[in-house]
Amino acid sequence: MKSKGKAGKDLMRTELEADLAAKNGLLDRRLFVQGGLLAGSIAVFAKAGRADDTSTEEAINYEAPVFDSQSGAQSIGAFLPDSMKIPGASFRGYGKPAGAESSVQRKILQPYGDLAPGAGVAMTPLQSLEGTITPNGLHFERSHNGRPTINPDEHEFLIHGLVQRSLKFSMASLSRYPMISRNYFIECAGNSFFNSNLFPEATQVSVGMIHGLVSGAEWTGIPLNLLLDEAGLLPEGKWILAEGADSAGMSRSIPLRKAMDDAIIAIYQNGEMLRPEQGYPMRLLLPGFEGNMSVKWLRRIKVTSGPTYTKDETSKYSDLMPDGVARQFTYTMGVKSTITRPAGGLVMDGPGFYEISGLAWSGSGKIVKVEVSADGGATWAVAALDGEPLSMALTRFRIPWKWDGLPTLLQSRATDEAGNTQLRRDVWSAQYAEGQLYHCNAIQTWSIARNGEVTNVFI
């Protein structure tokens with residue numbers, strides 16, 4: 001790369017200073033929107049990842065080596081790798097990840113052990129993923145008593161109760177109805193419990209263990225309102241009861257207005273039939289609502305005049321308030337975000353240029369803004385959003401950052417189209433009694449030490 005000369009270096013220095021969006025090295029999101037400036041920034045911070053610190057003057061003067069296109073293989077090594085000398089493996093009927101990626105697994109928690117091995121969670125490894133679509137094999141799983149084995153040829157789905165006519169569907173008959181495909185997240189109501197006031201001190205686990213009970217996918221199925229219209233709703237019908245065919249008899253009361261709005265009887269996930277842990281052969285999908293309400297292994301929907309007060313929505317999924325009152329039916333998942341890189345369990349490779357990346361979502365609609373702080377919330381910079389945000393879907397955010405190697409507190413906060421913004425953890429916690437773990441959408445704080453270690457902290 002040819003020298004830019006003094007004038008060019010002065011211009012680069014001016015650009016760097018102008019593109020500081022907040023204190024502690026956060027740069028303007030335009031670096032990811034305007035391609036030319038991004039390329040220059042990568043060259044400037046090409047020493048990122050080395051253990052030594054880099055001064056501003058050194059960074060500006062640094063010129064990355066450029067290999068001539070005619071040098072060919074010599075630019076990456078003089079010898080051909082074995083992969084270019086030996087014929088590759090043959091085809092397989094169902095694709096698998098590369099062997100080197102075998103460690104990318106869900107983290108499984110079974111709180112009752114052998115007493116109830118099917119009760120627990122399997123958490124999505126957010127720290128190992130990119131984009132906004134979760135692979136089917138890594139989508140989080142929540143089960144109250146294990147996943148059932150269901151023969152799709154024998155499975156039936158019933159609509160009854162306060163309707164003009166009861167309807168019963170086989171998988172074959174249901175699959176003949178018109179289908180739609182939509183991208184939505186599903187989030188367990190207990191997601192982020194490690195960041196809730198259930199824990200008085202921060203637990204040192206990965207971002208996937210803290211926030212990994214959320215996943216995003218493309219869901220395909222039949223709009224529920226189409227089937228309810230065919231059944232003929234009676235005027236007194238205001239609610240529905242959805243029940244699964246699992247041994248836990250998972251069931252939830254759902255307002256009819258939601259069922260008639262955007263609810264889907266999902267049959268496919270990311271283009272393939274639902275997997276058993278996701279409700280095969282069919283599940284209810286309620287965009288933006290608590291994940292447990294998207295009842296898996298769906299066997300019936302009963303139209304009722306009021307809530308049924310099932311065991312799960314009375315014994316578990318309620319919010320304990322400071323006055324001791326348990327608040328029910330807080331269905332909508334709050335606006336939320338978390339930085340997934342750098343995040344807990346990871347180690348940064350020395351001072352320099354990094355991309356901060358994470359996910360944001362809201363049960364109230366689209367994400368309109370994500371801000372990032374590198375000084376514990378004292379100053380904020382607006383991050384760039386990947387693509388056009390979708391309603392009640394995961395949104396990826398990114399922002400460039402020049403880490404100076406000093407201890408740092410990283411945070412993100414999201415705002416949705418309804419005007420909701422994430423709260424500090426202490427402010428969120430003050431709304432509830434001690435021990436509240438559901439609906440935790442408080443700001444996550446990552447602490448970065450001088451040695452690059454990233455840990456979970458409460459501030």
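Bear in mind these aren't lab numbers, they're just calculated from the coordinates by the rules spelled out. Keep in mind that this is a model prediction, so the values were computed, not measured. Cβ sites come from the backbone with ideal geometry, for glycine too, and all protein chains shown count toward neighbours.
Largest first and in whole Å, what are the equivalent-ellipsoid semi-axes of the range 110-195 based on the Cα gyration tensor, each being the root of 5 times an eigenvalue?
So the three semi-axes of the range 110-195 are 31, 20, 14 Å.
Can you pull the three principal axis extents for the Cα set of the chain, in Å, largest first?
Computed over the chain, the largest-to-smallest principal extents equal 82, 63, 42 Å.
Arranged from highest to lowest average of other beta-carbon atoms within 10 Å per residue, in what order do the peptides 145-152, 215-222, 134-141 appear?
Final packing ranking: 215-222, 134-141, 145-152.
Please state, rounded to one decimal and in Å, the Kirkwood hydrodynamic radius that the range 230-373 gives when every pair of distinct Cα atoms enters the mean of 1/r.
Mean inverse Cα-Cα distance, inverted, gives 18.0 Å.
Under 16 Å from the 7 Å Cα→Cβ point of Ala449, by amide nitrogen: which residues of the range 178-221?
202-206
Given a cut-off of 25 Å, name the pairs among Lys238/Lys296; Lys96/Lys336; Lys258/Lys316; Lys258/Lys311 whose C-alpha atoms lie farther apart than that in the structure shown.
Lys96/Lys336
Once Lys and Arg get +1 and Asp and Glu get -1 on their Cβ, which of Gly137, Pro97, Ala119 lies farthest toward the positive end of the dipole of the range 83-171?
With unit charges placed on the Cβ atoms, the residue in question is Pro97.
Suppose each label sits 7 Å from its Cα in the direction of the beta carbon; what would the Asp375-Leu167 distance come out to in nanometres?
Distance between the two pseudo-spin positions: 5.9 nm.
Express the C-alpha Rg of the range 298-435 as a ratio against the empirical globular expectation 2.2 N^0.38 Å, rounded to two decimals.
1.32
If we count other beta carbons within 10 Å of each Cβ, what is the order of His211, His160, His439, fewest first?
His160, His439, His211
Evaluate the charge dipole of the chain about its Cα centre and quote only its size in Debye, nearest 20, assuming +1 on the Cβ of each Lys and Arg and -1 on the Cβ of each Asp and Glu.
Dipole magnitude for the chain comes out near 600 debye.
Per the Kirkwood formula on distinct C-alpha pairs, the Rh of the range 171-213 is how many angstrom?
Every distinct Cα pair counted, the radius reaches 13.6 Å.
Find which of Pro307, Pro351, Ser128 sits farthest along the positive direction of the dipole of the chain, computed with +1 on the beta-carbon of Lys and Arg, -1 on that of Asp and Glu, about the Cα centre.
The one lying farthest along the dipole's positive direction is Pro307.
When only Cα pairs under 8 Å and 6 or more residues apart are kept, what is the percent relative contact order across the chain?
Relative contact order, the chain: 18 percent.
If you put +1 on each Lys and Arg Cβ and -1 on each Asp and Glu Cβ, how big is the dipole of the range 236-306 around its Cα centre, in Debye rounded to 20?
180 debye
With an 8 Å cut-off on Cα pairs and a minimum separation of 6 or more residues, tell me the relative contact order of the range 326-459 in percent.
Worked out over the range 326-459, it gives 31 percent.
Just the C-alpha atoms of the range 355-459: what Rg/Rh do they give, with Rh taken as the Kirkwood radius?
When Rh is taken as the Kirkwood radius, the ratio is 0.98.
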